[in-house]
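Here the structure is laid out as structure tokens; the discussion comes afterwards.
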Amino acid sequence: MGTVDQWVSAPARIADPDEGISVDELRLAARNHGMPLEALRYDVTPPGLHYLLTHYDIPALDPADWRLTVSGAVTRPLSLSLADLRIRPRVTRRVTLECAGNGRARLLPRPVSQPWLDEAVGTAEWTGTPLAAVLAEAGVAATAVDVAFTGADHGIERGVEQDYRRGLTLAEAMRDDVLLVDEMNGAPLLPQHGAPVRLIVPGWYGMAQVKWLVGIEVLETEFDGYQNVTSYRVKQEPDEPGEPVTRIMPKALIQPPGVPDFQSRVRVVDHGPVVLTGRAWSGWAPVDAVEISIDDGAGWRPAELGPQPAPYAWRSWRCRWDAVPGRYELRARARDAAGNEQPVGPAWNRQGMANNHAQRVTVVVR
Ligand SMILES: Nc1nc2c(c(=O)[nH]1)N[C@H]1C(S)=C(S)[C@@H](COP(=O)(O)O)O[C@H]1N2
Ligand SMILES: [Mo]
């Protein structure tokens, strides 16, 4: 008999240059679906179309006996029921979430993990109560530095058994737009999106948005859990510490025009005037420019931006194109007000994190 470790702790792996997507990756992709790109038409993504990413299993939580504990370096530890949370001041924020691994399957060589293409994104109206006031009520010690958020889901990752747990600096946790939410688009959170309560940290990649929240612990030392220190790092070599993944890099996506070919998803468009549309977002600052290329990045034309609906929600863009018969590779790129520019090509890193290379949409104009 082997130990559990011997059977399940596969090391992080980079695919061989000509290695296709494996059954293990396909199994992850079937559980963790992306947002169908035609759903870029919606300002707010209908819940069933929002992307989904869950490391382990969706836990069974009964909202009637669910409790959220606030513990650690606080003067008044708390244990809150859902009713306790719901009588607190309520706020709704429109926030775009994107998985930090979005785009990973296009990297060469490919980091073996959830094989996202472009679709790991969605925007929702999240309703809940500000975290800062809950922390203030618990009385955060002057010596506190980080806050750890624990989900009710449990599993094993690279041989390390764990609850899903992420840390944030105290300063980030005390931002007034960070919420403990129990509603998505005006309805109770669905099981797959973290019911009954999840954390929303506007602007950050998905890993910070802890679902099935059951514990908040105030720490006097830096959080050193797996999901901050081992995973979600931008690094080239397996043994270097790398840089932590934090906020969402700017990205624009094109709502695929025309109609798709079933198997290849190549788009077929009639010649004549076409209005290309899509969405763009950044977790650093509002997007202030989107450009479109119809010839795979050889030339760029400006798109017209729609309103910025909320600081961390995607904004729409549109761009006219007089389509002449032929085959085209459409690309879009965004720039934000902080000066971050979306690159056309990928920047490789071992875990395939925070990659905002430009989407490519193949279009045949007839
Ligand atoms: N408890 C818990 N929270 C979690 C995760 C998880 O596996 N467990 N996955 C994270 C990741 S990696 C992402 S991208 C987002 C996805 O949120 P969604 O499934 O609601 O779109 O949830 C985050 N929160
Ligand atoms: Mo993610």
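Among the residues of the range 346-355, are any within 26 Å of Cys99 (Cβ to Cβ) and part of a strand (DSSP E or B)?
Keep residues of the range 346-355 that are within 26 Å of Cys99 (Cβ to Cβ), which gives 346-355.
With part of a strand (DSSP E or B) added as a condition, the list becomes none.
Looking for residues that are within 26 Å of Cys99 (Cβ to Cβ) and part of a strand (DSSP E or B), one finds none in the range 346-355, hence no.
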**Request:** Give the residue that is nearest to ligand 1 (Cβ to nearest atom), with candidates limited to residues of the range 170-194 that are part of a loop (DSSP other than H, G, I, E, B) and crowded, with 21+ Cβ neighbours inside 10 Å.
**Result:** Gly194
**Restricting the range 110-134 to residues that are more than 16 Å from the chain's Cα centre (by Cα) and within 19 Å of Asn228 (Cβ to Cβ), the residue that is surrounded by the fewest Cβ atoms within 10 Å (Cβ to Cβ)** = Pro111
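Quick check: is even one residue across the range 88-96 closer than 20 Å to Thr246 by Cβ and within 16 Å of ligand 2 (Cβ to nearest atom)?
yes
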**Request:** Could you tell me which numbered condition Leu199 fails, if it satisfies all but one of (1) at pLDDT 95 or above; (2) out of contact with any Leu (no Cβ under 9 Å at 6 or more places or on another chain)?
**Result:** (2)
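A quick yes/no check of all residues on (1) in contact with a strand residue (DSSP E or B) (Cβ under 7 Å, 6 or more places away or on another chain); (2) within 15 Å of ligand 1 (Cβ to nearest atom); (3) touching a residue at least 60 places away in the same chain (Cβ under 8 Å):
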position: Leu97; (1), (2), (3): yes, yes, yes
position: Asn102; (1), (2), (3): yes, yes, yes
position: Leu107; (1), (2), (3): no, no, yes
position: Thr129; (1), (2), (3): yes, no, no
**Item:** Output for the range 237-263, where each listed residue is under 17 Å from Thr362 (Cα atoms) and touching a residue at least 40 places away in the same chain (Cβ under 8 Å)
**Value:** Ala252, Leu253, Ile254, Gln255, Pro256, Pro257, Gly258
**Prompt:** Give me the pairs: first residue in the range 44-63 and within 16 Å of ligand 2 (Cβ to nearest atom), second residue modelled with pLDDT under 95 and not in a loop (DSSP other than H, G, I, E, B), beta-carbon distance under 8 Å, and six or more apart or on different chains, which are they?
**Reply:** His55/Glu157
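The values are calculated or read from the model by the stated rules, or taken from the named source; none is laboratory data. Note that this is a predicted model, so its numbers are computed, not measured. We place every Cβ from the backbone using ideal geometry, glycine too, and count neighbours over all the protein chains shown.
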